Amino acid sequence: QVQLVESGGGLVQPGGSLRLSCAASGSIFSSSDMGWYRQAPGKQRELVAGITSSSRTNYADSVKGRFTISRDNAKNTVYLQMNSVKPEDTAVYYCRLRLGVIVDYWGQGTQVTVSS
């Protein structure tokens, strides 16, 4: 069983920055692909950024150039650095861990609100 615990969410002004963290329990983190997703009210959950076990990254077009995903295998943690945030970035952000097609875990989510 893997537990994912997100932290770092909160209220931030437009144009500001925030860093989300997701700490994973267990021993499979370094072998796993990780992702950050978000879900705004009334909308479907969407992929924000992903990072493979070999640290290849991909981003949603809406966050390219503003958000950066990274991982620290020694700390079993994945990060999402959010810069130049916009009101439309407001959502609950979720961390996801996948290993193959069977292992698939989600965190509980952390709220990010972008408002002046």
Give the Cα extents of the chain along the principal axes, in whole Å, largest first. 41, 26, 22
Considering only DSSP beta bridges whose two residues both sit in the chain, what percent are antiparallel, to the nearest 5? 95 percent
In the chain the accessible area split gives carbon plus sulfur, as whole percent at 1.4 Å, a share of 46 percent
Rank these residues by their accessible area, most exposed first, probe 1.4 Å: L18, L80. L18, L80
Before I look further, what does the chain give for accessible area per residue, probe 1.4 Å, in whole square angstrom? 53 Å²
Taking the Cα centre of the chain as the origin and placing charges on Cβ (Lys, Arg +1; Asp, Glu -1), which of S27, T52, G109 is farthest toward the positive end of the dipole? T52
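The values are calculated or read from the model by the stated rules, or taken from the named source; none is laboratory data. Note that the structure is predicted; figures quoted are calculated from it, not measured. Virtual Cβ from ideal backbone geometry, glycine too; neighbours counted across all protein chains shown. Protein only, heavy atoms only, side chains kept; ligands, DNA and RNA dropped before computing areas. Shrake-Rupley method; radii C 1.70, N 1.55, O 1.52, S 1.80 Å.
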